Each structure stands twice: as structure tokens, then as C-alpha cells.
Amino acid sequence: MTTRIYRTIYLTLTVIIFQCTSFAVWASGCNLINKPNVDGLYIGMPAKVFLQTHPTANIGPSFGSKQQRLNHIGFFGDDAESKKPLAHAGEVFFIFTLDEFIYAYAISYLGAGVTNETSLEDFQNIIIQRYNLPKLGWIKYENNSVKLVCNNIEIRLHQSNAIDDDPMMFVRDIHLSELADRLKQ
């Protein structure tokens, strides 16, 4: 009997905490629809539109996948223009598409207002300001990383201050990423 009461209290408190957290994220104005828009690159945009505005980009099969619905957009070539196609960012590491829509990308910000010596907090503030992202709702996770999740979009920033490790921003649609992972199997 006592165990059942404790379990009921625990579940009730868990639901209340979840609802309060959800309300706090909603009340903070957490909206990542078409954000961050990195020089015309954002989650959910049609790959064709991105390819039209970035003529040095090419589309090909996704890494290790024979699934026709998955593709990878890359900037190939040795010239600086193809390696740094976005004016306010560094090198594009990957852009993944599912059914011709962008669902994930990773960008280095080394040389785009951020150095290896920039602190994680300063890097986060630069990204928040540059892309008009919410200031609240970011959580620290793993070493040298923070993340924000809202509207099914996850943004992760990583800055280790190591010489061989670029300050990175990873952005993905959580559900589409999970679907893409299942399709790869």
C-alpha cells in the first residue's frame, strides 16, 4: 500500500515537472521554425532551393546508404570558394536530406568570428545573436557542449578549445533523423 502511494506521488510530480518545463520552453518563445537560417540553409528547406542558391554544391548518395530517399549535399573541390560557401560560417561538414528536404547539417565556425580559443559561452552567445535564437532553454551536456531542443529541432554547439577540433554547430530535425537512421538499416 505504501509503495503504491509513493509511486503515485512520484508519477504525479513527474507529470507536473514535465508540464512546467514544457510551459517554460513555450513561454520563453522557443521557436526554431526556419532557424537557424545560415545564409539560406535551414532545416526543412527543399534541397533544390539550396542547390539553386549555392551552385558549388553537389548532391549525392548518403554515406553508407543504398536508400534512394537519403542524400548528402557536399561542397567538393580544392578552391576556397567551394569549401566556404556560406558567408557567415566556416566549412560545411555535412548536409543530409530525406525525400529532398534538408533534415540535418553540421558547420564549423572556425574563422567566422570564432577561434579555437573562444569559450563555449562566448561561442553560444555569438550563435544566439547571429541567428536570433532563444536565450533560454539551453542545457549543458557532455564536455564542452550545449544544446537547445524545441519544435522538434535540436541545435548542439561544441567547443573544446583544442587546436584540431573546430567550434561546431550541429542542427537536426529529431524525428526525421530517427526515420533516416531506420531507413539506413
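Being polar (S, T, N, Q) and modelled with pLDDT of 85 or more is the filter here, so list the residues in the range 152-185 that pass it. Break it down into steps so the answer makes sense when it comes.
Of the range 152-185, the ones polar (S, T, N, Q) are 152, 159-161, 177, 185.
Scanning the range 152-185 gives ASN152, GLN159, SER177.
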How many residues of the range 146-157 are among the aliphatic types (A, V, I, L, M), open to solvent by less than 50 Å² (accessible area, probe 1.4 Å) and either farther than 27 Å from GLN68 by Cα or not in a strand (DSSP E or B) (or both)? The answer is 3
Scan of the range 164-175 for residues that are within 24 Å of ARG130 (Cβ to Cβ) and either among the β-branched types (Val, Ile, Thr) or under 16 Å from the mean Cα position of the chain (by Cα) (or both), ordered by number: ASP166, PRO167, MET168, MET169, PHE170, VAL171, ARG172, ASP173, ILE174
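Here is a check on your reading of the model: is ALA106 among the small types (Gly, Ala, Ser) and touching a residue at least 40 places away in the same chain (Cβ under 8 Å)?
Numbers: among the small types (Gly, Ala, Ser): yes; touching a residue at least 40 places away in the same chain (Cβ under 8 Å): yes.
Spelling it out, ALA106 is indeed among the small types (Gly, Ala, Ser) and touching a residue at least 40 places away in the same chain (Cβ under 8 Å).
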Kindly list, by first and then second residue, each pair from a residue in the range 67-93 that is under 16 Å from ALA106 (Cα atoms) and at pLDDT 80 or above to a residue that is of a type in the set (Val, Ile, Thr) and open to solvent by 40 Å² or more (accessible area, probe 1.4 Å), limited to pairs with Cβ atoms under 8 Å and residues at least 6 apart or on different chains. ASN71/ILE59; HIS72/ILE59; ILE73/ILE59
Name the single residue that is nearest to TYR109 (Cα to Cα) among those in the range 158-178 being in contact (Cβ under 8 Å) with a residue 60 or more places away in the chain and open to solvent by 30 Å² or more (accessible area, probe 1.4 Å). ASP166
Are any residues in the range 132-143 open to solvent by less than 70 Å² (accessible area, probe 1.4 Å) and at pLDDT 90 or above, and if so, which ones? LEU133, PRO134, GLY137, TRP138
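The values are calculated or read from the model by the stated rules, or taken from the named source; none is laboratory data. None of these values were measured; they are calculated from a predicted model. Ideal geometry is used to build each Cβ from the backbone, glycine not excepted, and the neighbour counts take in all protein chains shown. Side chains included, ligands, DNA and RNA excluded: accessible areas come from the protein's heavy atoms. Shrake-Rupley method; radii C 1.70, N 1.55, O 1.52, S 1.80 Å.
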